[in-house]
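The values are calculated or read from the model by the stated rules, or taken from the named source; none is laboratory data. Just so we're clear, the structure is a prediction, and the values are computed from it rather than from any experiment. Positions of Cβ are backbone-derived with ideal geometry, glycine not excepted, and every protein chain shown enters the neighbour counts.
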Amino acid sequence: MSKWDDVKEQITESEVWKSIFRHGYDDTPRNRILMVSGNVWLHLHPSKVRRHATRLRFTWCMGGITFLMFLVTVITGVYLMFYYRPTAEYAYADMKYLEFDMPFGMLMRNMHRWAAHAMVIAVWLHMFRVFLTGSYKPPREFNWVVGVILLVLTLLLSFTGYLLPWDQLSIWAVTVGSNMGRATPILGHEGPGHELIPGLNNVYDARAFLFGGGEIGPHTLLRFYILHCIFIPLVASLFMAVHFWRIRRDGFSGPAL
Amino acid sequence: MATPLKAIPGPGKRIEVPIKKATGPGDDKIHTWPHLVRNEFLIACAMMILLIVWSLLVDAPLEEPANPTRTPNPSKAPWYFLGLQEMLVFFDPWHAGVVLPTFIIVGLMVIPYLDINPKGNGYYCWKDRKWEITTFIVGFHILWVSLIIIGTFLRGPGWNWFWFWEKWDPHKVEALTNVDLPFLLGVRDETMATIVGALIVGGYFVVGYAAFYALCRGVKGAEFPDFIERWGWARFGLTGFLFLNMWAVVAKMMMRHLLNIKYIMVLKTPYFSINI
Ligand code: HEM
């Protein structure tokens, strides 16, 4: 036995190593199953799957790519949060600052932005794939509903993030995108039936509730920041947990054998 | 179906479980590690390389600082909402911005409960699901995506239409010649116009439901009575409603583009007003 194998054995047989890694790496059926069931992350999967479910031409891997893009935005987003201050005085300056002064700042910002766009496209394609394979049919009806909720949350995540750079592009895009809040039937001060709630006006209606005032301002920035960085990611994570759990319970869809 | 006690095989023998059969036996299963995990890992690597290269080459946009007193022309929503912004051309904000998105979201959510076709569950097939797939492609790819493309590339200052090769001219003026449909039909009295408009909208749904019924009949042929009993009138009604609303969007867009029609029905009351 060479010196190297000696050292290797000493390490892998040590108490500390064994307390962390419960099984060896030999390619045995038992180990293949343990690799998945003994690992908290891989345990999202069942230890065995139907053959066609591993094929790219069946899933397009679009659900997986959506999830990957979500993880990228979480990690790059946390990095950006260390530098970004959600106030009208600083927000824009911080965007400039992270471009020039922050290590890898611009790369992190670009990755955050493009991953968010990619996530929107991937989630649409994922939905299209699930539709084409009829995977929403029993017993997966409810997971499709959970999926539609995730789709809406994905769009809202992107939309609330759009405001944060606090430049011309962001405030006007969000203004245009939220204007229909004013026109909400009954709850918006310009919507049909707004007369039914006395006292609705520009600073007291559905849109003002979202903005924290009559138009986009510092209060809106803080609201969108909290929605974008805390509230919607949390809610989306909860729904993703349900989504994945259901896929695991129902098994992967596929042709009857 | 209860299994007689005698038929249960002894230890070590395979027990047939009929319920499992319906969801597929586990025969074609393979190990997740390495078969699935390997694919996922490779795709994740490829995607990360793509994303990093893209991010090194193209910077995220950052314009001038926010200035609430200077409205850019055109002001556009984020690209994934441009389909809705484009609909503002054809419908009032409460309709384009609130009612239609609600129909889209709810409509998507109820798909699994409306579609009771047991075929095509878990595999690609066109033959057994022609109508379902066509409807989805019209609604999603043609309506939603093409409106996004129009909103992104073909709408310039003043939300005026500019072809790809045209320069965005901020001074382009388009004559506002839009009229309401009852006016076009020669109705000048306001109350009469509301009544005529309401009749047209109602008539669209009556005729539409009849056509939808005929379509279902034609598609199902001799199976139709059997089918409609399984499907039920509630499902028929809701599917028809969503279906007709989708086509109504197309119809209204056509009327505006071809005939410059603004509203089909204008209803004003002291309490609320609804224009469709
Ligand atoms: C944040 C958004 C979403 C994430 C991260 C996500 C993730 C996933 C993943 C990883 C899978 C496994 C199979 C695959 O990769 O295709 C899956 C399956 C599934 N997804 Fe999603 N999804 C999302 C949104 C949606 C949407 C919008 C829908 C439909 C409207 C949907 C419906 C389904 C269904 C029904 C399955 C089971 C498919 C089968 O068994 O063949 N999901 N999802």
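Kindly check whether there is at least one residue in the range A:167-180 that is assigned to a helix (DSSP H, G or I) and of a type in the set (Asp, Glu).
Keep residues of the range A:167-180 that are assigned to a helix (DSSP H, G or I), which gives A:168-180.
Narrowing further to those that are of a type in the set (Asp, Glu): none.
No, the range A:167-180 contains no residue that is assigned to a helix (DSSP H, G or I) and of a type in the set (Asp, Glu).
Please go through (1) closer than 22 Å to B:Ile137 by Cβ; (2) outside the structural domain of A:His243 (by TED's automatic domain parsing) for A:Glu141 and return the number of the only condition it doesn't satisfy.
It is condition (2) that A:Glu141 fails.
Please state which one of A:Pro218, A:Pro198, A:Pro192 is over 25 Å from A:Val145 (Cβ atoms), assigned by TED's automatic domain parsing to the domain that holds A:Thr76 and crowded, with 20+ Cβ neighbours inside 10 Å.
Numbers: A:Pro218 fails: crowded, with 20+ Cβ neighbours inside 10 Å; A:Pro198 fails: crowded, with 20+ Cβ neighbours inside 10 Å.
Among A:Pro218, A:Pro198, A:Pro192, only A:Pro192 is over 25 Å from A:Val145 (Cβ atoms), assigned by TED's automatic domain parsing to the domain that holds A:Thr76 and crowded, with 20+ Cβ neighbours inside 10 Å.
Being surrounded by 17 or more Cβ atoms within 10 Å (Cβ to Cβ) and more than 10 Å from chain B (Cβ to nearest Cβ) narrows it down to one residue among A:Tyr90, A:Tyr162, A:Tyr136, A:Tyr79; which is it?
Details: A:Tyr90 fails: surrounded by 17 or more Cβ atoms within 10 Å (Cβ to Cβ); A:Tyr162 fails: more than 10 Å from chain B (Cβ to nearest Cβ); A:Tyr136 fails: more than 10 Å from chain B (Cβ to nearest Cβ).
Of the residues listed, the single one that is surrounded by 17 or more Cβ atoms within 10 Å (Cβ to Cβ) and more than 10 Å from chain B (Cβ to nearest Cβ) is A:Tyr79.
Pull up the range A:25-68, narrow it to residues that are β-branched (Val, Ile, Thr) and surrounded by fewer than 16 Cβ atoms within 10 Å (Cβ to Cβ), then point me to the one that is farthest from the ligand (Cβ to nearest atom). Quick ask: steps written out before the conclusion?
If we filter the range A:25-68 for residues that are β-branched (Val, Ile, Thr), which is where we start, we get A:28, A:33, A:36, A:40, A:49, A:54, A:59, A:65-66.
Cutting the leftovers down to surrounded by fewer than 16 Cβ atoms within 10 Å (Cβ to Cβ) gives us A:28, A:40.
On the way: A:Thr28: 27, A:Val40: 17 Å.
Among them, the one singled out is A:Thr28.
Restricting to the range A:215-257, and then to whatever is assigned to a loop (DSSP other than H, G, I, E, B) and touching a helix residue (DSSP H, G or I) at 6+ places or on another chain (Cβ under 6 Å), can you tell me which residue is nearest to the ligand (Cβ to nearest atom)?
Within the range A:215-257, the first condition is being assigned to a loop (DSSP other than H, G, I, E, B), and the residues that meet it are A:215-217, A:251-257.
From the residues that got through so far, the ones that are touching a helix residue (DSSP H, G or I) at 6+ places or on another chain (Cβ under 6 Å) too are A:216, A:252, A:254.
Numbers: A:Ile216: 27, A:Phe252: 5, A:Gly254: 7 Å.
Residue satisfying both the conditions and the ranking: A:Phe252.
Could you please give the count of residues in the range A:35-52 that are more than 7 Å from chain B (Cβ to nearest Cβ) and within 10 Å of A:Phe252 (Cβ to Cβ)?
Taking the range A:35-52 first, the residues more than 7 Å from chain B (Cβ to nearest Cβ) are A:37-41, A:43-44, A:52.
Imposing the further condition that a residue be within 10 Å of A:Phe252 (Cβ to Cβ) reduces the set to A:52.
Residues that pass the stated criteria total 1.
How many of the residues in the range B:65-77 are farther than 25 Å from B:Leu154 by Cβ and within 7 Å of another protein chain (Cβ to nearest Cβ)? Explain how you work it out, then say what you get.
Start the filter on the range B:65-77 by keeping residues that are farther than 25 Å from B:Leu154 by Cβ, which leaves B:65-69.
Within this subset, residues satisfying the condition of being within 7 Å of another protein chain (Cβ to nearest Cβ) are B:65-68.
Qualifying residue count, the range B:65-77: 4.
Suppose the filter is more than 9 Å from chain A (Cβ to nearest Cβ), hydroxyl-bearing (Ser, Thr, Tyr) and touching a helix residue (DSSP H, G or I) at 6+ places or on another chain (Cβ under 6 Å); does B:Thr152 pass it?
Numbers: more than 9 Å from chain A (Cβ to nearest Cβ): yes; hydroxyl-bearing (Ser, Thr, Tyr): yes; touching a helix residue (DSSP H, G or I) at 6+ places or on another chain (Cβ under 6 Å): yes.
When the stated conditions are applied, B:Thr152 passes them.
For B:Gly120, work out the one condition from (1) touching a strand residue (DSSP E or B) at 6+ places or on another chain (Cβ under 7 Å); (2) on the phi > 0 side of the Ramachandran plot it doesn't fulfil.
The failed condition is (1).
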